[in-house]
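Structure first, then comments.
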Amino acid sequence: MECQLEVCKLAHEFTLKVYEASKQFPSDENFGLTSQVRRSAVSVPTNIVEGQGRQYKKEFIQFLYIAKGSLDETNYHLYLAKDLQYISLALYKELDGICIRIRMMLYKLIKSLRRS
């Protein structure tokens, strides 16, 4: 299923960038940080799509909050990867900037859904 919402499209692009960045992680992190950062990144667009498919607006909002939590988790994993020198500061800043954009879009969507 293709993402219809702009926030979902951006979250999908972010996930692809996280997968690409995590290829640089040491091989001994394959079952550790690499796996965790990828799972949490995938969870962001997945929860947006799943929420969009729900019958009730309240459920959709709940899934958007779950997506926001997964985004925060991913952002922390990337921060840790930067501090462990698995990714550069420049790459971290790029990915962090995308996180901020997604977070703002999620908040605006939640606010819009609550008003309607």
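Among the residues of the stretch 53-78, those that are surrounded by fewer than 16 Cβ atoms within 10 Å (Cβ to Cβ) and part of a helix (DSSP H, G or I) comprise LYS57, LYS58, GLU59, GLN62, TYR65, GLY69, ASP72, TYR76. Among the residues of the stretch 79-98, the ones that are loosely packed, with under 14 Cβ neighbours inside 10 Å, of a type outside the set (A, V, I, L, M, F, W, C) and outside any helix (DSSP H, G or I) come to 2 in all. Got a sec? Which of ARG103, ARG114 is crowded, with 16+ Cβ neighbours inside 10 Å, part of a helix (DSSP H, G or I) and either touching a strand residue (DSSP E or B) at 6+ places or on another chain (Cβ under 9 Å) or of a type in the set (Lys, Arg) (or both)? Residue meeting the stated conditions: ARG103. Take the conditions of a type in the set (D, E, K, R), modelled with pLDDT of 95 or more, closer than 18 Å to GLU6 by Cα and under 11 Å from the mean Cα position of the chain (by Cα) and apply them to ARG38. Does it pass? So ARG38 fails the test. Is there a residue in the stretch 8-27 that is under 20 Å from LEU95 (Cα atoms), modelled with pLDDT under 95 and among the polar types (S, T, N, Q)? Within the stretch 8-27 (the criterion being under 20 Å from LEU95 (Cα atoms), modelled with pLDDT under 95 and among the polar types (S, T, N, Q)), the answer is yes, since at least one residue qualifies.
Yes or no, residue by residue, for (1) polar (S, T, N, Q); (2) surrounded by 14 or more Cβ atoms within 10 Å (Cβ to Cβ); (3) assigned to a helix (DSSP H, G or I):
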{"residue": "GLN4", "(1), (2), (3)": "yes, no, no"}
{"residue": "HIS12", "(1), (2), (3)": "no, yes, yes"}
{"residue": "LEU16", "(1), (2), (3)": "no, no, yes"}
{"residue": "PHE25", "(1), (2), (3)": "no, yes, no"}
{"residue": "ASP28", "(1), (2), (3)": "no, no, yes"}
{"residue": "THR34", "(1), (2), (3)": "yes, yes, yes"}
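The values are calculated or read from the model by the stated rules, or taken from the named source; none is laboratory data. Source: prediction; values computed, not measured. Quick reminder, even Gly has a Cβ in these numbers, built from the backbone with ideal geometry, and neighbours come from all protein chains shown.
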